[in-house]
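A short write-up of the structure that comes next.
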Amino acid sequence: MLLAVPYLSSCSLFDKRQIKLAFIGSDPKVGHLIRQNKFPEPITSKKINTLIVGSGIGGLSAARHLLKNNKTDFLILELDSVIGGNSKAGKNNVSEFPMGAHYLPIPTVNFKELIDFLVESKIITGFNSDGLPIYNEYYLCFEPQERIYFKGIWQDGIPPDNGLNEIEKEELLRFLKITEEFKNAIGTDNKPAFTIPLELSSNDEKYLQLDKISIFDYLKQNNFKSNFILWYLDYCCKDDFGTNIKNTSAWAVFHYFSSRNGKAANAANHELLTWPEGNNFLVKKLSAELNDKIKTQHIVYKVKKIENKTKCYVYDLVKNESIEYECENLILATPQFVNKNIFDFKTNLNFDDFNYYPWIVASITINNKLELNGSQELSWDNVIYGSKSLGYVNACHQNFNSDDKRTVITYYYNFSEESSKIERNKIREKDENYWKSFIIEDLKNAHLKIENLIEEIQIVVWGHGMISPKVGFRSSKSRQILENGFDNIYFANSDVSGISIFEQAFYRGICAAKSVLNNTK
Amino acid sequence: MEKSNKNDSFLLLISVFIIATCGLIYELIAGTLASYLLGDSVTQFSIIIGLYLFSMGIGSFISKYFKKNLLVWFIQIEILVGIVGGVSSTILFFAFEQVAGFEIILYFLIMLTGTLVGLEIPILMKILKDKIEFGDLVSKVFTFDYIGALFASILFPLFMIPYMGLLKTSYFFGILNVVVSIILCFRFEEEIKYVKFLKTQALIVTLILLLGFVFSNKIQSMAETISFNENIIFSKSSPYQRIILTSEKGVTKLYLNNNLQFSSNDEYRYHEALVHPGLSKIKNPENILILGGGDGLALREVLKYPSVKSIKLIDLDNSITHLFNTSEPLKKLNNNSLSSSKLQVINTDAFKWIKETKEKFDFIIIDFPDPSNFSVGKLYSTMFYKEIKKVLNQGGLFVVQSTSPFFARKSYWCINNTIASLGFQTIPYHLYLPSFGDWGYVLAYNELDKENFFLPKDLKFYEEKQFAEMINFPKDIGYVQTEINKLNNQILIHYFEDEWGKVQ
């Protein structure tokens, strides 16, 4: 027994360094309160012209537009303790880092509202003699932008330049050629085949028929067979639409590749804007003047229609009491998986049209960033070929911190092998250590010794991630109902458009605000 | 019988001589290797010699346990010394790059060799004690031992290192050791047991060592370690870079990540040309900023201007600023500039610092390493010079070390064009540096007084009339159009890789 004492103490001395683990982000229990529906009866009743529910990009954009048009009688209610929705961010002593959305491609110059917002936020600093926007170069993604771990080495660019066989190369080029042709294609209705906002794209049947099949079937029908293109598009679908290649509408994939036609005075058209905190930077800009208009930790648990007014039942998590708001206009910037639980009346909406798969987003603090270099310097976006994860983004990429050996990388994993419900069950109640091993096992494929480099892992579990554009989403009746809104209720989440990008949420917010303004006139 | 006995003794005494030579050579190799790889030769040599002698003591001590079959043991030990001594420098070269506990391996091998060598003489004396009278024995053995030592210590620096190099030398003496054992095997064939076993062993070891000897150049280049021909006087891996300082024939050189930064015999040209053309064009310069240049050499030139009141030096790596502020020969080189009361040293990322500072400067010296990777490339970007614009006083100037317009013409002009794209006037200039070749700078300003003001008197190279020559670019290195280096394209490091890639 005595002998065991020094043995034990020496054990702990040589024990592996502890990796700090934590779950961050919103508490799922709060959101699930809505489903349980056990709230106290309201004790006060208030009147307000417009109520906005949800403080993601859609809600903030709607509020900003109302304020710009001198409409001030509104309030934003948010169930979480912080605003931002899928564009929330975390922070530790090394850097800020995204919890979800993390970049904005250079927008098309025709998207005037967005360009104006970027000017107002000093992201665009001026225009050149051709009228092209000049971007603040601290926000344009620095080189090196992306790399892929392919056939045992890191290579510049995704897809890689080296290591593809002739068939893979041919198929990749053929696919990219189609996307290039679609970039400049105009439909019979004189609208661009694919553009952002998506709602302004052509309704020409020639392009709309792509919405009737999955991109997987499209590839099969058009003789794309190589493993690489299948992996690459599956990766793209998960990364941009939060679901796999078989679930995604081919139209959505072509929209992704062919709608980005941004122009800038000081950047190429495929470039993008990014920040250490990801799109939370844009959240801060959107909400700059909304401080006194936002109430966090307020759950809207019931929406009732009474004559031509709407009543919202709201539970204040801090005061532990309920309030009844009577409003002329209601903007629901919340996703449909929330809305379906709060309507106190029948709608024609089919909520099964809206799918949200779960995600893990883990921010990993690395104690020696140089060790991640390999044959290529650490890029902003780092993808591992063959992995089911989406790789990681270097949160410190836009920082100037060469004096700090550490960095934070944000690791993304989308769960969409089976139905969203089954996938959600799979990730339920897994603890921090489960996710630690899960992540390390995957990253080991490209960084053998990564476990020794990790100081901390901060894990966000998204039970419902971004909206996924499934086959037929463009012609979905439910989506059209949401686009128009009904009975002074308007929808401003990006799921109204069917794809989850900043531009769409921003656009849906403005559309909803415009409807409110029209109503009031 | 008498005669053969005499011959045998002589043979054994010759072995003493060879063994002593080899033994000292191994010690010198270990000492040299340790100071090559670890730096600080005084410490390394002291430790190595101490450990080696101590281990020989251990060897002598355990020699008392060898009582039977002394000749067999002696031959066996010779073979062992040969293999250990022969291959240890190779092991160390490889271990240096690969293994964390390099020192442990180094000291282990030293002690192993020392112990084996320490066994040799006592055992030999026991063998000889029946053949030679004691007084004579001691005197003869130690005479040959010390002659061997003298021979080795003269041979090693004058012949072995210059003509053979470290690896070949170790293999050569390893072979010599084994040859002794082979000769003894044959001479005393009938007296010793296990003679076949010893012979085969000796043959195999000789073969291995011969292979090492023949391929030692390949091994050396494979080991990828320092191929410096110079004496390393300091070496350290800081979190940011590998710092190596060498000294040979009074010339000091600094290498960062194996790239030459300066050579003390012509650095004055580089630093005078970096500082004086710009600084002498400012009337009473007061506030100076130096970015990079932690060696204090540009600073030394700046301090020659009496009007200068305050200097800020920003260098990422405090190992450099500390080294150049503490080492005596380096302090002599920079004239103790880093101890100046006018100076404030800040060890941080230059881009981060300049983004945040509210101060303004009359003259800014930008002396970063060449743009060979993305993190350094940022410091040559439009946004960096935009920040420089903010901190430059009205009428101020800045100068940028801009790599070689000869070896990297596009890179050089890309730096010039990037600076010019922000609305600065630029004066590109260059000069010849014996250690580097043709080297380029870019001087930039918003507005400039035409006249020259104060220029220090005690310069070795630069005088006003030099400048007219320096701004003249011959055709082969003249202006070329380039893209502008931005954070989101880092075009400069692509140019640089292309151009310097062809040189190396």
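With R₀ set to 30 Å, the beta-carbon distance separating A:N222 from A:V119 gives a calculated FRET efficiency near 0.10.
Here, region A:219-337 has an Rg and a Dmax of 21.9, 61 Å when only alpha carbons are counted. As a fraction of the 1.4 Å probe accessible area of the protein assembly as shown, surface on carbon and sulfur atoms comes out at 54 percent.
For A:A89, the residues whose amide H sits under 5 Å from its own are A:M99, ignoring neighbours fewer than 5 places away on the same chain, with H placed 1.01 Å from N. With a 10 Å cut-off around each Cβ of A:267-276, the average count of Cβ atoms from other chains is 1.
Once Rg and the Kirkwood radius are both taken over the C-alpha atoms of region A:195-289, their ratio Rg/Rh works out to 1.05.
Between helix B:267-279 and chain B there is an angle of about 10 degrees, using the helix long axis and the longest principal axis of the Cα atoms. Note on A:D204 and A:E326: their simple-model spin labels are 5.3 nm apart, each label 7 Å out from Cα toward Cβ. Sparse packing (at most 16 other Cβ atoms within 10 Å of the Cβ) combined with a DSSP loop state is found for the following GluC sites (Glu not before Pro) in region B:340-430: B:E359.
At 4 °C and 1.567 mPa s, what whole-number value in µm²/s does Stokes-Einstein give for the translational diffusion of region B:387-444, with Rh from the Kirkwood sum over Cα pairs? Approximately 109 µm²/s, per Stokes-Einstein.
Shown is the FRET efficiency for A:L517 and A:I178, computed with R0 = 60 Å from the Cβ-Cβ distance and rounded to the nearest 0.05: 0.90. Normalised by the number of residues in region B:177-314, the average gap of Cα pairs under 8 Å and 6 or more apart makes the relative contact order 12 percent. Between B:F66 and B:N257, the C-beta separation translates, for a Förster distance of 60 Å, into a calculated FRET efficiency of about 0.75. Shielding value for A:398-408 is 5, the average number of Cβ atoms from other chains within 10 Å of each residue's Cβ. Backbone N atoms of region B:394-421 closer than 14 Å to the 7 Å Cα→Cβ label point of B:D476 belong to residues B:405-409. When a/c reaches 1.5 or more, the comparison of a/b and b/c decides; with that in mind, is region A:133-244 rounded, prolate or oblate per its Cα gyration tensor? Oblate is the answer for region A:133-244, as a/c is 1.5 or above yet b/c matches or exceeds a/b. Of the listed residues B:Y194, A:Y256, B:Y255, A:Y434, the order by accessible area with a 1.4 Å probe, largest first, is B:Y194, A:Y434, A:Y256, B:Y255. Panel values: region B:261-373, Kirkwood radius from alpha carbon pairs, Stokes-Einstein at 20 °C and 1.002 mPa s, translational diffusion coefficient 150 µm²/s.
Seen through its C-alpha gyration tensor, with square-root eigenvalues sorted a ≥ b ≥ c, region A:89-197 comes out oblate because a/c lies at 1.5 or above while a/b is not bigger than b/c. Once the Cα-Cα distance is subtracted from the 0.36 nm per residue extended length, the A:D292 to A:A265 segment shows a gain of 6.0 nm. Relative to the Cα centre, the charge distribution of region A:381-486, modelled as +1 at Lys and Arg Cβ and -1 at Asp and Glu Cβ, gives a dipole magnitude of about 580 debye.
Peptides B:323-329, A:465-471, A:485-491 ranked from most to least packed by the mean count of surrounding Cβ atoms within 10 Å: A:465-471, A:485-491, B:323-329. Short to long, the 10 Å bins of the Cα pair-distance histogram for chain B hold 4, 17, 22, 17, 12, 11, 9, 6, 2, 0, 0 percent of all pairs.
Looking at region B:325-357, which residues lose a minimum of 20 Å² of accessible area between their chain alone and all protein chains in place, measuring with a 1.4 Å probe and not counting ligands or nucleic acids? Those are B:D349, B:F351, B:K352, B:K355, which lose 20 Å² or more relative to the chain on its own. For region A:277-360, what are the per-bin percents of Cα-Cα distances with bins 10 Å wide, up to the bin holding the maximum? Reading the bins upward from 0: 13, 36, 36, 15, 0.
Rounded to the nearest 20, the size of the Cβ-charge dipole of the protein assembly as shown about its Cα centre is 1360 debye, with Lys and Arg at +1 and Asp and Glu at -1. Taking every pair of alpha-carbon atoms in region A:366-414, give the share separated by more than 16 Å as a whole percent. Distances greater than 16 Å cover 38 percent of the Cα pairs. Other residues within the sphere of radius under 13 Å centred on the Cβ of B:K342, judged by their own Cβ, net out at +3 (K and R +1, D and E -1).
Gain on full extension, evaluated as 0.36 nm per residue between B:S339 and B:K502 minus their Cα-Cα distance, stands at 54.6 nm. Once both labels are positioned 7 Å from their Cα atoms along Cα-to-Cβ, the gap between B:F215 and A:N49 label points is 8.6 nm. Stokes-Einstein diffusion for region A:423-521, with the hydrodynamic radius set to the Kirkwood value over Cα pairs and evaluated at 37 °C in a medium of 0.692 mPa s, equals 192 µm²/s. Per-residue accessible area (protein heavy atoms, 1.4 Å probe) orders A:R428, A:R35 as A:R35, A:R428, starting from the largest. The dipole here belongs to region A:33-145: it is taken about the Cα centre, uses +1 on the Cβ of Lys and Arg and -1 on the Cβ of Asp and Glu, and is about 560 debye. Taking the protein assembly as shown, how much of its Cα-Cα pair set, in percent, is spaced more than 39 angstrom apart? Within the protein assembly as shown, distances greater than 39 Å cover 60 percent of Cα pairs.
Normalised by the number of residues in region A:346-416, the average gap of Cα pairs under 8 Å and 6 or more apart makes the relative contact order 42 percent. Couplings 3J(HN,Hα) for region A:129-137, derived from phi with the Karplus relation 6.51 cos²θ - 1.76 cosθ + 1.60 (θ = phi - 60°), are 5, 8, x, 7, x, 9, 8, 5, 6 Hz, where x marks Gly and Pro. The mean count of C-beta atoms from other chains within 10 Å of the C-beta of residues in B:377-384, rounded to a whole number, is 3. Does region B:326-442 classify as rounded, prolate or oblate by the C-alpha gyration tensor (a ≥ b ≥ c root eigenvalues; a/c under 1.5 gives rounded; else a/b over b/c gives prolate, otherwise oblate)? Since a/c reaches 1.5 but b/c is at least a/b, the shape of region B:326-442 is classed as oblate. Between A:N368 and A:E307, the modelled label-to-label distance comes to 7.4 nm, taking each label 7 Å out from Cα in the direction of the beta carbon. Max-minus-min Cα coordinates of region B:85-169 on each principal axis give 52, 28, 15 Å, with the largest extent listed first. Fraction of C-alpha pairs exceeding 20 angstrom in region A:34-102: 49 percent, rounded to a whole number. Per the accessible-area calculation with a 1.4 Å probe, the total area buried between chain A and chain B rounds to 1800 Å².
The accessible-area ordering, largest first, of the residues A:R64, A:R260 stands as A:R260, A:R64, per a 1.4 angstrom probe. Sorted largest first, the spans of the alpha carbon positions of region B:360-412 along the three principal axes are 34, 22, 15 Å.
When Rg and Dmax are taken over the Cα atoms of region A:346-493, they come to 19.5, 60 Å.
Size descriptors for region B:43-115: radius of gyration and Dmax over Cα atoms are 14.0, 43 Å.
Can you list, largest first and rounded to whole Å, the semi-axes you get for chain A by taking the square root of 5 times each eigenvalue of its Cα gyration tensor?
So the equivalent ellipsoid measures 37, 31, 23 Å along its semi-axes.
Maximal additional length on extending the A:K151-A:I186 stretch stands at 8.6 nm, based on 0.36 nm per residue less the C-alpha distance.
The values are calculated or read from the model by the stated rules, or taken from the named source; none is laboratory data. Everything numeric in this text was worked out from a predicted model, so none of it was measured. Virtual Cβ from ideal backbone geometry, glycine too; neighbours counted across all protein chains shown. Accessible surface is based on the protein model in full, side chains and every heavy atom, while ligands, DNA and RNA are left aside. Shrake-Rupley method; radii C 1.70, N 1.55, O 1.52, S 1.80 Å.
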